[in-house]
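Right, one structure below, let's go through it.
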Amino acid sequence: MLVPFRPESPRLPQQPGWDEELGFHYRELDAFWLSRWTAESGWEPGQLYEHPGATLELSLGANVLYYGQAVFEGLKAYRTREGKIVLFRPADNARRLQNSAARLVMPAPPVEMFLEAVRAVVQANARWVPGYGKGSLYIRPVLIGSGPVLGVAPAKEYLFYVFASPVGQYMGGDRVIVLSSVHRAAPYGTGSAKVAGNYAASLRAHEVAREQGYVEALYLDAREDRYVEELGAANFFAVMSDGTLVTPPLGSILPGITRDSILTIAREVFGWIAVERPLPIEEVLTDAVEAFYTGTAAVLAPITVINYRGVDHPIGDGKPGPRARKLRQTLEAIQRQEHPDPWGWVVEVEL
Ligand code: PLP
Ligand code: COI
């Protein structure tokens, strides 16, 4: 059921205690935003609805239930030291949603509509943005094919909605495993789109990795089973013995916004050599002095051990490295307006 959100809508009784471990969970906040697309009328203006108890009503024939027309995004709102609320590169998420949608033949919201929805959700839930240094508000824009189909075909009706949850660190572990029996994405498949099915396909590998004591699977390419691609929900970087920062090239990996930011920071803030090139797993195991993963949810976390063909390989001296730490500190400083932002990545939300 959907109830429009109004100034007089009942508010949830209390804020979570920010000093508790926030974790990474779905929470109902005060409001979320939704719009519908139909072939006849295009996108309706969209509006906020009450989030507590909100559910979607879907036709039993909705495309998303069978043929998987579902793409999504993840971005964060941060509280600065002065108490402002800022977003990080939200227009890049809007454009990536458009690319993901095109891959699944879905109409995507225009960038301005995406930004308006994100701003409205942050403004309505501003009291849920954790205090400075206490986590962030994770924002989840979603686009699904809601119209009914029977044969394999795109839906004729779509829903675009945006909700948010306060979160702390996601994943955070530093041991990953290459599983011999699974790939994430094939060449020309859907790896470069943020489609829900990629994550369904990764659940088994994630479970096996966890059972064996690793935080996540590290995927190799599907053609040769040799080149590192990424983790299930984060991009991969290595620092080689000559100091070069290397990350796998775009193609079947998700074009991470954090990945792009880290490449830019490495080159333009630190003057390091940072390259995108195919990266054989053996080279990582024999030559990398540091490795780490990046993502909106994960931020940037070191990898100290990679299990490959049943053997644990420490990376470098097996401890988190100085370059990963410097990059994370700088990224977080930029995201909280404590470091110059010549790229215009940080966008303030009016309160
Ligand atoms: N790779 C995958 C498969 C992901 O799910 C994510 C998270 O969105 C990333 C990489 C990192 O992307 P970003 O930095 O834009 O969050
Ligand atoms: C993100 O970093 O935004 C992700 O999408 C990770 C995940 C929770 C799917």
Can you spot a residue in the range 323-330 that is under 24 Å from the mean Cα position of the chain (by Cα), closer than 14 Å to Phe88 by Cα and in contact (Cβ under 8 Å) with a residue 12 or more places away in the chain? yes
Pick from the range 220-255, criterion in contact with a Phe, Trp or Tyr (Cβ under 9 Å, 6 or more places away or on another chain) and aromatic (Phe, Trp, Tyr), ranking: nearest to Gly316 (Cα to Cα): Phe237
Lone unmet requirement of (1) hydrophobic (A, V, I, L, M, F, W, C); (2) assigned by TED's automatic domain parsing to the domain that holds Gly131; (3) touching a residue at least 24 places away in the same chain (Cβ under 8 Å) for Leu65: (3)
Could you tell me which residue of the range 316-351 is nearest to Gln169 (Cα to Cα), considering only residues that are aliphatic (A, V, I, L, M) and outside any helix (DSSP H, G or I)? Val346
Does any residue in the range 250-273 that is at pLDDT 95 or above come within less than 6 Å, Cβ to Cβ, of a residue that is assigned to a helix (DSSP H, G or I) and within 13 Å of ligand 2 (Cβ to nearest atom) six or more places away or on a different chain, and which pairs are these? Ile257/Asp92
When the residues of the range 231-283 are narrowed to those that are away from ligand 1 (no atom under 13 Å from the Cβ) and aromatic (Phe, Trp, Tyr), which ends up surrounded by the fewest Cβ atoms within 10 Å (Cβ to Cβ)? Phe270
Only residues that are within 15 Å of ligand 2 (Cβ to nearest atom), surrounded by 20 or more Cβ atoms within 10 Å (Cβ to Cβ) and within 20 Å of Tyr308 (Cα to Cα): list them for the range 177-205, please. Arg184, Ala185, Ser202, Ala205
Looking at (1) hydrophobic (A, V, I, L, M, F, W, C); (2) without any contact (Cβ under 8 Å) to a residue 12 or more places away in the chain; (3) in contact with a Pro (Cβ under 9 Å, 6 or more places away or on another chain), can you tell me which one Ile334 breaks? (2)
Can you pull out the residues in the range 218-228 that are surrounded by fewer than 23 Cβ atoms within 10 Å (Cβ to Cβ) and either within 13 Å of ligand 1 (Cβ to nearest atom) or part of a loop (DSSP other than H, G, I, E, B) (or both)? Ala222, Arg223, Glu224, Asp225, Arg226
Kindly check whether there is at least one residue in the range 19-38 that is touching a residue at least 40 places away in the same chain (Cβ under 8 Å) and in a helix (DSSP H, G or I). no
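The values are calculated or read from the model by the stated rules, or taken from the named source; none is laboratory data. This structure is a prediction, so every number in the text was calculated from the model and none was measured. Virtual Cβ from ideal backbone geometry, glycine too; neighbours counted across all protein chains shown.
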